[in-house]
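I have placed the structure first, in the form of structure tokens, so that the comments after it can refer back to it.
Laboratory data are not the source of any read-out in this text; all were calculated from the coordinates shown. Since we're looking at a predicted model, the values are computed, not measured. Neighbour counts run over all protein chains shown; Cβ positions are idealised from the backbone, glycine included.
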Amino acid sequence: MGVDLVMNDQAAHMMPVVVELPAEIDVTNSGQIYDQLVAALAPGVHIVVADLTATSFCDSSRVRALMHAYEGADACGIQLRLAVTGEGSVRRVLQLTGVERVMPVYLDLKEALHAD
């Protein structure tokens, strides 16, 4: 039974960690967003998904918080993925700022969780 517990614990660490982000990301909460993402970068975590599927606004200057979290994840050997709906201003901001060329961006949470 102890082996099962160890295997289940290892499997839990292999599952992606999902950080749900708010409807709006701007100067008032970008520090909090960064802190939430960095807190998810724990030992044993391999993938963190920033869930922006419910986010309707992201100030272009606040994309910096996502990029800093991405750099921190990369330094820890953790993949940070973004789940962003295919339409809307958030996707457009990510395209205009070049984030999509640097970070893996997926059309929904399910795709981000199951990508190889």
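Considering the dipole of region 16-114 built from charges on the beta carbon (Lys and Arg +1, Asp and Glu -1) around the Cα centre, which of LEU37, LEU107, ALA23 is farthest to its positive end?
Value computed over the given set: LEU107.
Taking only Cα atoms and a 10 Å spring cutoff, compute GNM fluctuations for the chain and point out the largest among ALA83, ALA50, ALA39.
Of ALA83, ALA50, ALA39, the most mobile in the Gaussian network model is ALA39.
Ranked by Cβ crowding within 10 angstrom, fewest neighbours first, how are HIS68, HIS114 ordered?
On the way: HIS68 14, HIS114 9.
Going from sparsest to densest Cβ surroundings: HIS114, HIS68.
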